[in-house]
Amino acid sequence: YEEAISNFDRVILDKDSTIVRKNNKKAYRAKGIAYFKKHDYSTAIQFFDKALDISELSSLNLDILYYKADSQVKAGLFDKAIDTYSTIIKNKSSDADAYCSRAYAYKMLKNYEKSLKDYDKAIKLDNKNFDCYIGKYFLLLDMGYKEKATAVLGAASNIETKTKEDNFNLAKIHYYIGDYENAIEEFGEAHKNG
């Protein structure tokens, strides 16, 4: 990552032209990703902000906002992550992943009602997203609703699996339900499939 960052530094120019601004935006985004991969989230956020400040290549903005929000969550800046996920949702209201991620940030701030509302919205938008069901399960447990939490896993266990990742996620659902026999077999299959 250090070598990549060094190379991106050479690309960034202090000139004012459309081509330079476009290249700078790509380089700032890439530097942010490199710092994200290095787990230096505060520096990553700075470069994502620099990229977002450039108006050119607005088609990259949602991708950059996702990286920024994920960096904010990993840095424990949950209130700021909520703001960033809200911006994503404002621009793409059908994005189940953004609702699911914002729900997690709300949960971490113990704003359980908003978290639950976002998990419900995410599941409504994408009822095959295992992560949303698992997130809602843990939220309901934190709220003291064990029966409701178990019912959420029951609904998730009915999702039709189509991919290896789906099968792995179903194994997690079976594990959390306490169906260890199926979970062990499914985890073994997932491991065998890489």
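The values are calculated or read from the model by the stated rules, or taken from the named source; none is laboratory data. Worth saying up front: this structure is predicted, and the values here are computed from it rather than measured. Neighbour counts are summed over all protein chains in view; Cβ atoms, including those assigned to glycine, are modelled from backbone coordinates with ideal geometry. When the accessible area is computed, the model is the full protein with side chains, heavy atoms only, and any ligands, DNA or RNA have been set aside. Shrake-Rupley method; radii C 1.70, N 1.55, O 1.52, S 1.80 Å.
Here the contact order of the chain, divided by its residue count and restricted to Cα pairs under 8 Å and six or more residues apart, works out to 10 percent. Seen against the Cα atoms of the chain and their longest principal axis, helix 164-177 is set at about 50 degrees. The dipole here belongs to segment 147-194: it is taken about the Cα centre, uses +1 on the Cβ of Lys and Arg and -1 on the Cβ of Asp and Glu, and is about 160 debye. Considering helices alone, the calculated mean residue ellipticity of the chain at 222 nm is -24500 deg cm²/dmol, with DSSP H runs of length four and up weighted by -39500 (n - 2.57) and normalised per residue. For the pair E185 and D53, label points projected 7 Å from Cα toward Cβ lie 5.8 nm apart. Among T84, T43, the order of accessible area from largest down is T43, T84, computed with a 1.4 Å probe on protein heavy atoms.
For segment 108-194, the relative contact order works out to 20 percent when only alpha carbon pairs closer than 8 Å and six or more residues apart are counted. Legend: residues S6, S93, S71, sorted from most to least accessible area (1.4 Å probe; ligands, DNA and RNA excluded), read S93, S6, S71. Considering the chain as a Gaussian network with a 10 Å cut-off on Cα pairs, which listed residue, K74, K37, K26, attains the greatest mean-square fluctuation? The residue that fluctuates most here is K37. The relative contact order of segment 37-144 comes to 18 percent, based on Cα pairs under 8 Å that sit 6 or more residues apart.
Under 20 Å of direct C-alpha separation, and excluding same-chain neighbours fewer than eight residues apart, K74 reaches these aspartates and glutamates: D40, D49, D63, D83, D97, D118, D131.
Full extension of the chain between K114 and Y175 yields a length gain of 19.3 nm, computed as 0.36 nm times the residue separation minus the alpha carbon distance. Applying a threshold of 31 Å to the alpha-carbon distances of K117/K192; K121/K162; K38/K146; K22/K80 flags K117/K192; K38/K146 as lying beyond it. Helix 18-37: angle to the longest alpha-carbon principal axis of the chain, degrees 0 to 90, nearest 10? That helix lies at roughly 40 degrees to the long axis.
Size estimate for segment 69-194 follows the Kirkwood approach: the inverse of mean 1/r over distinct Cα pairs works out to 15.1 Å. Stretched out straight at 0.36 nm per residue, the stretch from R10 to H39 would grow longer than its current Cα-Cα span by 8.2 nm. Within the listed set L60, L153, L116, the Gaussian network model of the chain (springs between alpha-carbon atoms below 10 Å) gives the highest mean-square fluctuation for L60. What a 1.4 Å probe finds exposed on the chain is 48% carbon and sulfur by accessible area, rounded to a whole percent. Along the axis of the charge dipole computed for segment 21-158 (Cβ charges of +1 for Lys and Arg, -1 for Asp and Glu, origin at the Cα centre), the listed residues L141, N127, L57 are led at the positive end by L57. Under a GNM of the chain (C-alpha, springs under 10 Å), which listed residue has the highest mean-square fluctuation: R29, R102, R21? Evaluated over the chain, the most mobile residue of the options is R21. Specify the angular offset, from 0 to 90 degrees and rounded to the nearest 10, of the alpha carbon long axis of helix 180-192 from the longest principal axis of the alpha carbons in the chain. So the helix axis and the longest Cα principal axis differ by about 40 degrees. Computed about the Cα centre, the dipole magnitude for the chain is approximately 600 debye when only Lys and Arg (+1) and Asp and Glu (-1) carry charge, each at its Cβ.
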